[in-house]
Amino acid sequence: MSSHVPDDLLYTASHEWVRLNSDGTCTVGITDHAQHALGDIVYVDPPAAGRDVSAGDACAVVESVKAASDVYSPVAGTIIAGNTDLSSASEKLSADPYVEGWLFRLQPSDVTALQGLLTPAAYRDSLVACGD
């Protein structure tokens, strides 16, 4: 299986993707690799707006026929929106994980923390190392 890894995003080792938006906020979701590994997604519980999170905090849940998996915040900040559309249409996450399947938007406490995330090349290398 070869996963799609867009070049305009940043990534985490736990398979979240991060898009830095023009207003300084970030949009976060799970990668193509992660959604394939989970299998058929049956439920998504995005975080509520207003929640403060630290980097690495579990802040959303994605359930599949195989397992329930936490989704982690890539950086510290405040959740400004959860993609509530996914609660009733979880298939959007599988069909389009990088656009319609986003999980939450975050106002980072410190945007420079994004420099610690994986580049697309580094993320691709990590997938090769785990056999994808």
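Every read-out reported here was derived from the displayed coordinates using simple, explicitly stated rules and does not represent laboratory data. All figures in this text were calculated on a predicted structure; none of them were measured in a lab. Glycine also receives a Cβ, built like all others from the backbone with ideal geometry; neighbour counts cover every protein chain displayed.
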Between segment 88-132 and segment 1-26, how many Å separate their Cα centres? 4 Å
Contour minus Cα-Cα span, A13 to A122, at 0.36 nm per residue, comes to 38.3 nm
Running a GNM on the chain with Cα contacts under 10 Å, which residue among G29, G77, G39 ends up with the highest mean-square fluctuation? G39
Trypsin sites (Lys or Arg not before Pro) in segment 1-85 lying in a DSSP loop, each with at most 15 other Cβ atoms within 10 Å of its Cβ, come to K66
extent check for the chain: Cα max minus min per principal axis, descending, whole Å, gives 35, 34, 23
Compute the length gained on full extension between S87 and D57: take 0.36 nm times their separation in residues and subtract their Cα-Cα distance, giving the result in nm to one decimal. 8.8 nm
